[in-house]
Amino acid sequence: MEVVRIGADDFRDMIHEFPDIEAGLAKVARTRMQSDEQRQDTASPVALDDFLSQGLMEAQNLLVIDLERCTRCDLCVRACADAHEGVTRLVRDGLRYDKYLVATSCRSCRDPLCMVGCPVGSIRRHPNSLEIVIEDWCIGCGLCATQCPYGNINLHPFKVVAEDPEHPGVMKAQVREKATTCDLSRDYHEPACVYACPHDALKRIEPIKFFGIQT
C-alpha cells in the first residue's frame with residue numbers, strides 16, 4: 001500500500017483546476033453518507049427486557065464475544081486452560097445479547113449468590129479486585145456451583161497430597177474435587193482469553209456502560 005499526503009491548499013487548488021475530480025469525490029462522499037444513514041435506520045435497538053431477563057444488570061465484569069468477529073477457533077478456551085493447569089474457566093457458549101455471546105464465565109456479580117452458605121468459608125471476593133476467590137480448602141460440596149444462576153462455577157478433580165485415612169501420619173497423592181471459576185487473570189496484564197484471540201472478538205466489559213443502558 002502507498003499513501004500520498006496532500007496539503008489542504010494543494011488539494012483545494014487541485015479540485016479547482018480539475019472539476020471532474022471534485023465531482024467524483026463528492027459522489028463517493030454522498031454514497032458513503034447515505035450508506036451510514038441506512039445502517040443507522042436499520043440497526044435494531046438493544047432490548048432492555050432481554051438485558052434484565054438475562055441478569056446482565058447484576059454483572060460488573062462480563063466476558064462477551066463479538067459473533068461478527070469470532071471464527072470459532074477456540075484459541076480463547078485453550079489459552080484459558082493453559083493459564084489454569086489445564087482446566088479452562090471459559091465455555092464458549094451461553095446467552096446471546098445483541099451481536100454478542102455472553103460466554104459462560106464468572107460475571108463478578110454485584111450480589112454474588114455463590115458466596116452464600118459455604119460450609120467451610122472457602123469462597124470470597126478478592127479485597128482488591130472483582131475476582132471471586134475459591135480457596136484450596138474447598139471440600140467440593142458443590143453448593144456454590146448450584147447457587148450460581150449462570151453456571152459459571154464448576155467442580156473439577158485435582159491431584160493433592162493429603163493424609164492417608166487408612167494409615168494416619170502417611171501422606172499420599174489423592175484426587176479431590178474443587179470448585180473453580182474465572183479469576184479474571186488477575187496475575188496477568190489482561191485476561192489470557194482476550195489476549196489470545198487473533199480477531200479481537202473477546203472483551204471484558206461493564207455491561208451497563210458498554211451497552212449504554214440508562215439507569
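The values are calculated or read from the model by the stated rules, or taken from the named source; none is laboratory data. All of these numbers come straight from a predicted model, not from anything done at the bench. For neighbour counting, all protein chains shown are included, and Cβ atoms are generated from backbone atoms with ideal geometry for every residue, glycine included. Side chains included, ligands, DNA and RNA excluded: accessible areas come from the protein's heavy atoms. Shrake-Rupley method; radii C 1.70, N 1.55, O 1.52, S 1.80 Å.
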Q: Report, ordered by chain and residue number, the lysines lying within cross-link reach of LYS203, taken as a straight Cα distance under 25 Å and ignoring same-chain residues fewer than 8 apart.
A: LYS99
Q. When the solvent-accessible surface of protein heavy atoms is calculated with a 1.4 angstrom probe, in what order do ILE213, ILE21 fall, highest first?
A. ILE21, ILE213
Q.
Once ligands and nucleic acids are excluded and a 1.4 Å probe is used, how much of MET14 is accessible, expressed in Å² to the nearest 10?
A. 50 Å²
Q: Mind checking the per residue accessible area of the chain for me, 1.4 Å probe, whole number of Å²?
A: 66 Å²
Q: Among the aspartates and glutamates, select those whose C-alpha is under 19 Å from the C-alpha of LYS178, and discard any that sit fewer than 8 residues away in the same chain.
A: ASP82, GLU85, GLU131, GLU135, ASP136, GLU163, ASP164
Q. Using the Cα gyration tensor of segment 138-200, with a ≥ b ≥ c the square roots of its eigenvalues, what is the shape: rounded (a/c below 1.5), prolate (a/b larger than b/c) or oblate (neither)?
A. oblate
Q: Would you mind checking which residues have amide H under 5 Å from TYR97's amide H? H placed 1.01 Å from N; only 5 or more apart, or other chain.
A: VAL102
Q: Grab the other residues whose beta carbon is less than 14 angstrom from that of ILE15, score K and R as +1, D and E as -1, and report the net.
A: -4
(Q) Apply the a/c threshold of 1.5 to the C-alpha gyration tensor of the chain and tell me whether it is rounded, prolate or oblate. (A) prolate
Q | Rounded percent of accessible protein surface that carbon and sulfur make up, the chain, 1.4 Å probe | A | 52 percent
(Q) Just to be sure I understand: with springs between alpha-carbon atoms less than 10 Å apart, which residue in GLU135, GLU37, GLU17 has the highest mean-square fluctuation in the Gaussian network model of the chain? (A) GLU17
